[in-house]
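Single-structure report; data block below.
The values are calculated or read from the model by the stated rules, or taken from the named source; none is laboratory data. Only a predicted model underlies this, so the values are computations on that prediction, with no experimental measurement involved. Backbone-built Cβ (ideal geometry, glycine too); neighbour counts: all protein chains shown.
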Amino acid sequence: MSMNNHPAVIWFNENSDDKSTGIEINNFDYQTLKDMAICAGADDCGIANIVSTALQDEKKEILSIYPETKAVMSIVIKLNRENVRCVSRSVSDLEFLQGFEAANSVARKLTALLKAL
């Protein structure tokens, strides 16, 4: 299903003032965006439309920083379970730091892929 045919997008297009701002909504579908994130190195990702009720508490803050936001993406990076559970803090801290670095790397690659379009 393409993003333009999704019921939430149809509702948003019919009920938003977005058309009057002159901002065009790109014709991405969520699966394409998810595939791009996985190609950039993510283990998985989740994408939510900004008008989703699940984002109701965060929406105002997100839009105050990035007013043209249409959706948010969560990048998933798998961590080594045994290292996270390790009683030695330095081992578990290192695992989390490597996860953060991997997520940042994926975000940079994904940004480059999107800019190239």
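Against the test of being charged (D, E, K, R), over 24 Å from Met36 (Cα atoms) and exposed (fewer than 14 other Cβ atoms within 10 Å of the Cβ), the options Arg108, Arg85 yield a single qualifying residue, Arg85. Can you spot a residue in the stretch 52-71 that is of a type in the set (Lys, Arg), at negative phi and in contact (Cβ under 8 Å) with a residue 40 or more places away in the chain? Yes, that holds for at least one residue.
Return the only residue of Ser64, Ser74 being of a type in the set (S, T, N, Q) and exposed (fewer than 11 other Cβ atoms within 10 Å of the Cβ).
On inspection, the qualifying residue turns out to be Ser64.
Restricting Glu101, Glu95 to those that are over 30 Å from Pro7 (Cβ atoms), surrounded by 12 or more Cβ atoms within 10 Å (Cβ to Cβ), over 15 Å from the mean Cα position of the chain (by Cα) and among the charged types (D, E, K, R) reduces the list to Glu95.
Of the residues examined, Leu33 is not one that is modelled with pLDDT of 90 or more and of a type outside the set (D, E, K, R). Is it the case, given these coordinates, that Val76 is touching a residue at least 40 places away in the same chain (Cβ under 8 Å) and within 20 Å of Asp35 (Cα to Cα)? Here the answer is no, as Val76 does not meet what is asked.
Taking the criterion of being in a strand (DSSP E or B) and surrounded by fewer than 16 Cβ atoms within 10 Å (Cβ to Cβ), the residues of the stretch 36-46 that qualify are Asp44, Gly46.
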